[in-house]
Ligand SMILES: Nc1ncnc2c1ncn2[C@@H]1O[C@H](COP(=O)(O)OP(=O)(O)OP(=O)(O)O)[C@@H](O)[C@H]1O
Ligand SMILES: O=P(O)(O)OC[C@H]1O[C@H](OP(=O)(O)OP(=O)(O)O)[C@H](O)[C@@H]1O
Ligand SMILES: O=C(O)c1cccnc1
């Protein structure tokens, strides 16, 4: 039997459906639960990550329903009718606080906080992580590459190598919001308004079996022309042919430049630059592609490569050197049988992995004297660090590492996105998100932005948050030590 693919409610792991069933059967499915999404390690050994994924998460939560075909499938899988009847009534009724897309985010700080009836909160975990993990990973990689490209133009060319279609589309969006200027994916242009760009492939030269004819035919129907010059011999054939066609067409085309896609890109770009300049085309740009990433680009720049436009595909869209971000979804508080919220903790022998219980707020502490960030400050829900004259910021594990900050702005990073299931957040345009991402980078010292061995950005807990965590660790240790076995 085949089913229509008309909902994302089953885009989850089976254990979520099974746990939700147990909660429902035990009649605790409506208890309020609070989960947080965070990751423990910034990818690519970068100094920061760029959060992306909120817009799709909003769409997912707004549309969250079990359709007839979902229920029919679950029925066939053997789920009980009464449980299916309950699932049929479900929609997302929770409250979500989240960082905004384009926000800089660091290890161990809550990116999103979901407060919802336990069963609902559990059912949406997998999809939310799926969205946030991928999009944040690609936005971070794109930002890292863009840091190296600097004032040069960066173009996302990865669709053909992406892990399937969703990855190409949402990866193109993540790259754009993190600073890339354009994408080759036309559907991403249509859906998100991202500027689209394109040169031409070797296939076109091969199809005419001649560079001159191929460039001419292209120029006959396109005003903007970038000719790919490396099909036969870049310097002896490709560049001179591009120059010849550009001369022949004169004002009829906008000769934007040439693209190099193989060989020594530093050497070839320098030689090609000379040839273009001497031919009277100083404004023609040199585009480069071929397995580029931030390290190759940095290296090429160090060699004095004369590349103006960087096309980056495989290494960006697949996050080649680190293909997964490990964001997790952890329960931090749950309603008990008396209707009271009880903070919960997950212990680990690794102190960095112990969860931080309780509802929390995240603040970026901006020094008013220089407008740079002193670090992030995680406080409990009822705390407002802005009221402190002298804020103590200490390392959450190595607590002796501490500093005091005065004259600061405590900028809260979470926004309320859904309130009791209603979308209350005015979703920004992609353009606004992109500008926001760029502005956020300005508050970071360069030490956190460098490619290699960046300094560790402080993410600290308030004293009350730290005390609460210690109290729960002790409580759990006490409980475990008192446990007797029959
Ligand atoms: N001057 C350079 N310094 C460092 N890396 C470079 C330089 N020029 C090119 N590269 C990079 O080196 C790699 C060369 O890839 P590869 O071995 O596939 O060579 P190629 O020239 O593309 O050969 P092919 O003709 O088979 O495509 C690419 O990742 C490319 O970006
Ligand atoms: O190298 P990437 O960073 O992944 O960038 C995308 C690559 O896709 C194209 O190559 P492909 O060999 O697929 O097609 P082509 O015939 O147009 O060169 C293009 O020439 C780039 O090299
Ligand atoms: O337009 C291009 O040059 C392009 C597009 C996709 C992949 N590689 C190159």
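The table below lists the values:
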{"read-out": "Compactness relative to 2.2 N^0.38 Å, alpha carbon Rg of the stretch 13-73", "value": "1.59"}
{"read-out": "Compactness of the stretch 143-318, expressed as Rg and Dmax over alpha-carbon positions, Å", "value": "15.8, 45"}
{"read-out": "The stretch 143-318 - percent relative contact order, Cα under 8 Å, separation 6 or more", "value": "27"}
{"read-out": "Rounded tilt (10° steps) of 430-442 against the dominant C-alpha axis of the chain", "value": "80"}
{"read-out": "The stretch 220-329: relative contact order as a whole-number percent, Cα under 8 Å and 6+ apart", "value": "23"}
{"read-out": "In degrees, nearest ten, helix 463-482 long axis to first principal axis of the chain (Cα)", "value": "60"}
{"read-out": "Cα gyration tensor category, rounded, prolate or oblate, for the stretch 73-220 with a/c compared to 1.5", "value": "oblate"}
{"read-out": "For the stretch 131-170: rounded, prolate or oblate by the Cα gyration tensor [a/c cutoff 1.5]", "value": "oblate"}
{"read-out": "Unit Cα scatterers, Debye sum, the chain: log10 I(q)/I(0) for q = 0.11, 0.12 Å⁻¹", "value": "-0.97, -1.08"}
{"read-out": "Tilt relative to the chain, helix 164-177 - C-alpha long axis, 0 to 90 degrees, to 10", "value": "90"}
{"read-out": "Förster radius 60 Å - calculated FRET efficiency between residue 232 and residue 347, Cβ distance, rounded to 0.05", "value": "0.40"}
{"read-out": "Antiparallel %, DSSP beta bridges [both residues in the chain], to 5", "value": "65"}
{"read-out": "Label point distance in nm, residue 62-residue 7, each placed 7 Å from Cα along Cα→Cβ", "value": "1.8"}
{"read-out": "The chain: calculated mean residue ellipticity at 222 nm from DSSP helix runs of at least 4, using -39500 (n - 2.57)", "value": "-11500 deg cm²/dmol"}
{"read-out": "Residue 267-residue 216 FRET efficiency (beta carbon distance; Förster radius 25 Å; 0.05 resolution)", "value": "0.35"}
{"read-out": "Mean separation of Cα contacts under 8 Å (6+ apart) over length of the chain, as relative contact order %", "value": "20"}
{"read-out": "DSSP beta bridges in the stretch 229-355 [antiparallel fraction, %, rounded to 5]", "value": "35"}
{"read-out": "Mean-position separation - Cα centroids, the stretch 323-402 and the stretch 9-26, in angstrom", "value": "29"}
{"read-out": "Euclidean distance between Cα centres, the stretch 109-174 to the stretch 244-260, Å", "value": "37"}
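FYI, it's all coordinate maths here, none of it is from the lab. No experiment lies behind these values; they were computed from the predicted model shown. Counting neighbours? That spans all protein chains shown, and the Cβs are built from the backbone with ideal geometry, glycine included.
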